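Written below as structure tokens is the structure these notes are about.
The values are calculated or read from the model by the stated rules, or taken from the named source; none is laboratory data. The structure presented is a predicted model; accordingly, all values stated were derived computationally and were not measured. Quick reminder, even Gly has a Cβ in these numbers, built from the backbone with ideal geometry, and neighbours come from all protein chains shown.
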Amino acid sequence: MEERPLILISNDDGVYAKGLKELTDVMRLFGDVVVIAPEKAMSGKSSAITVDEPLRVTKMEGGTGYLLYKCNGTPVDCVKVGFNHLLERHPDFVVSGINHGSNSSISVVYSGTMGAAIEGSLHGVPSIGFSLCDFDPDADFTRAKMWVARIFQAVAENGLPLYTCLNVNVPQGDIKGIEVCRQTAGKWVEEVERRTDPHQRDYFWLAGSFKNFEPDTPGTDIFALENQKVSVVPVSVDMTCRETFNQMKTWKF
């Protein structure tokens, strides 16, 4: 019999997140699955790795074509441990999510969901990060799962360039289609609030709001989401600014 594809799954919402279970259910239709997820929420960890304490992994579930582990590290730690120790063979795909909340625009830089997908691509494996624009822990993933399956199937059929992954965001509600687009230019502003605890000591809390630098601009991921389309952004690990690179060739140092 032909060997089923091996799919490594991780996330940043933690091993008990509903989105992880929903993604696992979809991926088991396509191949054998090994899930290695953080034991607690790791949102905003980006591509962070653990360097100051041991990584510990615990097997939670197992069966034919399915294994579930929890790890005390970050999403990238989970992927690294999988590639280096837990997987019996090189995986054919790495998928991450389904994240509770959007990872569009500049959020791709901070996202632990995308950190795991980017790490997968660094290992030369087609990788996808999936997010649903709904932060509710009990969000309804019914529509999102259909698009997860369609996008995964397209990647399985067409492949991805080396060191490239996909950042996929799914809007809430009725979905009108899918759009391959670019990352919206924007940033988070007023990011940290100063607060006072009951002992009158100051502390700081991450807060702020998102500033879209190009609202109502077709071809961007946020525009696609605002028009009820699934946004698919190809992401490369090469962060070189080509325009600046070419300009600097004329500089005199």
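The requirement of being aromatic (Phe, Trp, Tyr) and either more than 23 Å from residue 17 (Cα to Cα) or surrounded by fewer than 13 Cβ atoms within 10 Å (Cβ to Cβ) (or both) is fulfilled somewhere in the stretch 128-139, by at least one residue. Looking only at residues of the stretch 1-42 that are in contact (Cβ under 8 Å) with a residue 40 or more places away in the chain, out of contact with any strand residue (DSSP E or B) (no Cβ under 8 Å at 6 or more places or on another chain) and not in a helix (DSSP H, G or I), we find that the one that is surrounded by the most Cβ atoms within 10 Å (Cβ to Cβ) is 42. In the stretch 200-232, the residue that is surrounded by the fewest Cβ atoms within 10 Å (Cβ to Cβ) out of those that are acidic (Asp, Glu) and in a helix (DSSP H, G or I) is 226. Give me the pairs: first residue in the stretch 158-183 and farther than 21 Å from residue 217 by Cα and of a type in the set (Ser, Thr, Tyr), second residue exposed (fewer than 12 other Cβ atoms within 10 Å of the Cβ) and at pLDDT 95 or above, beta-carbon distance under 9 Å, and six or more apart or on different chains, which are they? Within 9 Å, the pairs are 163/124.
Summed over the stretch 160-176, the residues that are polar (S, T, N, Q), closer than 30 Å to residue 240 by Cα and either surrounded by fewer than 19 Cβ atoms within 10 Å (Cβ to Cβ) or modelled with pLDDT under 95 (or both) give a count of 1. Being assigned to a helix (DSSP H, G or I) and either farther than 25 Å from residue 166 by Cα or among the β-branched types (Val, Ile, Thr) (or both) is the filter here; which residues of the stretch 233-244 pass it? The one that is assigned to a helix (DSSP H, G or I) and either farther than 25 Å from residue 166 by Cα or among the β-branched types (Val, Ile, Thr) (or both): 244. Would it be correct to say that residue 143 is modelled with pLDDT under 95 and either in contact with a Ser or Thr (Cβ under 7 Å, 6 or more places away or on another chain) or assigned to a helix (DSSP H, G or I) (or both)? Yes, satisfied. Of a type outside the set (D, E, K, R) and touching a helix residue (DSSP H, G or I) at 6+ places or on another chain (Cβ under 7 Å) - does that describe any residue in the stretch 191-206? No, the stretch 191-206 contains no residue that is of a type outside the set (D, E, K, R) and touching a helix residue (DSSP H, G or I) at 6+ places or on another chain (Cβ under 7 Å). For residues in the stretch 66-76 being part of a loop (DSSP other than H, G, I, E, B) and in contact with a Lys or Arg (Cβ under 7 Å, 6 or more places away or on another chain), which is surrounded by the most Cβ atoms within 10 Å (Cβ to Cβ)? Across the stretch 66-76, the extreme among qualifying residues is 74.
Between 57, 79, 108, 95, the distinction of being surrounded by 16 or more Cβ atoms within 10 Å (Cβ to Cβ), at negative phi, in contact (Cβ under 8 Å) with a residue 40 or more places away in the chain and touching a His at 6+ places or on another chain (Cβ under 9 Å) belongs to 79 only. Restricting attention to the stretch 45-75, the residues that are touching a helix residue (DSSP H, G or I) at 6+ places or on another chain (Cβ under 6 Å) and farther than 18 Å from residue 16 by Cβ add up to 5.
Hey, can you tell me all the residues within the stretch 177-194 that are at pLDDT below 95 and either on the phi > 0 side of the Ramachandran plot or basic (Lys, Arg) (or both)?
Scanning the stretch 177-194 gives 187, 190, 194.
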